[in-house]
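Below: one structure, written as structure tokens.
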Amino acid sequence: MAGSIVLIGFMGAGKTTVGRLLAGELGLAFFDTDRAVVEASGRSIAEIWRTDGEEAFRDREHEAVKRACERPGSVIATGGGAVLAHRNLELLRIAGPIVLLEASLDTVEARLAEGATRPMFMNRTHAQREALLAERAVVYDRVCDVSVPTDGRAPDEIVIAIIEALQ
Ligand code: S3P
């Protein structure tokens, strides 16, 4: 079901903030897969992860991706690990162009410094985060249709860059 725009990228790349703004700018609906998981389960991601494990979270994330892809004309902000799963990627590819929000580790660490509650990010050293970002970047680059740098850019500048990149 086409007509949507899919935002991917590492934690802290700005998918939620930018996605909401982009949706407003283009008059599209906004769908955030992380928020959908939290709303559907009534629990935080950290809590799901702690009590049920990552696999259970990934199943819930897949359900959220399916729901997102049932709504044409949305900006879909995905969790940083969503496109690693083929079952999500195949749906998201049909939903619309995949836009990678690129961010360096320094930017991500600065954005997530306060209240970092992400299980894949907290309690990890800088070197571990660096390795995860490098590993993920290979996948993000491979699956995206366009990529937009976000370092040093404000959310509204990133929105403009996305709109230009998609023209
Ligand atoms: C994850 C990223 C998070 C969230 C979960 C796992 C990941 O989303 O889905 O904590 O594996 O990168 P954000 O990218 O929105 O932080």
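The values are calculated or read from the model by the stated rules, or taken from the named source; none is laboratory data. No experiment lies behind these values; they were computed from the predicted model shown. Positions of Cβ are backbone-derived with ideal geometry, glycine not excepted, and every protein chain shown enters the neighbour counts. For the accessible areas, the whole protein counts, side chains as well, though only heavy atoms, and no ligand, DNA or RNA atoms are used. Shrake-Rupley method; radii C 1.70, N 1.55, O 1.52, S 1.80 Å.
So, in segment 82-105, exactly how many residues are open to solvent by 10 Å² or more (accessible area, probe 1.4 Å) and closer than 17 Å to Ile158 by Cβ?
The number of residues fulfilling the criteria is 4.
With (1) touching a Leu at 6+ places or on another chain (Cβ under 6 Å); (2) exposed (fewer than 15 other Cβ atoms within 10 Å of the Cβ) as the list, and Thr117 as the residue in question, which single condition is left unmet?
The number of the failed condition is (1).
Test Asp34 against the stated conditions and say whether it is open to solvent by 40 Å² or more (accessible area, probe 1.4 Å), over 29 Å from Glu157 (Cβ atoms), assigned to a helix (DSSP H, G or I) and within 15 Å of the ligand (Cβ to nearest atom). Talk me through it step by step, then tell me what you get.
Values: open to solvent by 40 Å² or more (accessible area, probe 1.4 Å): yes; over 29 Å from Glu157 (Cβ atoms): no; assigned to a helix (DSSP H, G or I): yes; within 15 Å of the ligand (Cβ to nearest atom): yes.
So Asp34 fails the test.
Looking at (1) more than 10 Å from the ligand (Cβ to nearest atom); (2) under 19 Å from Lys15 (Cβ atoms), which is the one condition that is false for Glu90?
(2)
Here are some residues: Ala40, Ala110, Ala13, Ala46. Which one is open to solvent by less than 40 Å² (accessible area, probe 1.4 Å) and in a helix (DSSP H, G or I)?
Checking each option against the conditions leaves just Ala46.
Can you tell me how many residues in segment 132-146 are within 16 Å of the ligand (Cβ to nearest atom) and surrounded by 13 or more Cβ atoms within 10 Å (Cβ to Cβ)?
Going through segment 132-146 one residue at a time, the tally reaches 8.
What are the residues in segment 64-81 that are touching a helix residue (DSSP H, G or I) at 6+ places or on another chain (Cβ under 7 Å) and open to solvent by 50 Å² or more (accessible area, probe 1.4 Å), if any?
Those that are touching a helix residue (DSSP H, G or I) at 6+ places or on another chain (Cβ under 7 Å) and open to solvent by 50 Å² or more (accessible area, probe 1.4 Å): Lys66, Arg67.
Does Ala56 satisfy the criteria of being free of Cβ contacts under 8 Å to residues at least 12 places away in the same chain, closer than 17 Å to Gly79 by Cα and of a type in the set (A, V, I, L, M)?
yes
Farther than 23 Å from His62 by Cα, part of a helix (DSSP H, G or I), out of contact with any Gly (no Cβ under 6 Å at 6 or more places or on another chain) and open to solvent by less than 20 Å² (accessible area, probe 1.4 Å), is that true of Val159?
Here the answer is yes, as Val159 does meet what is asked.
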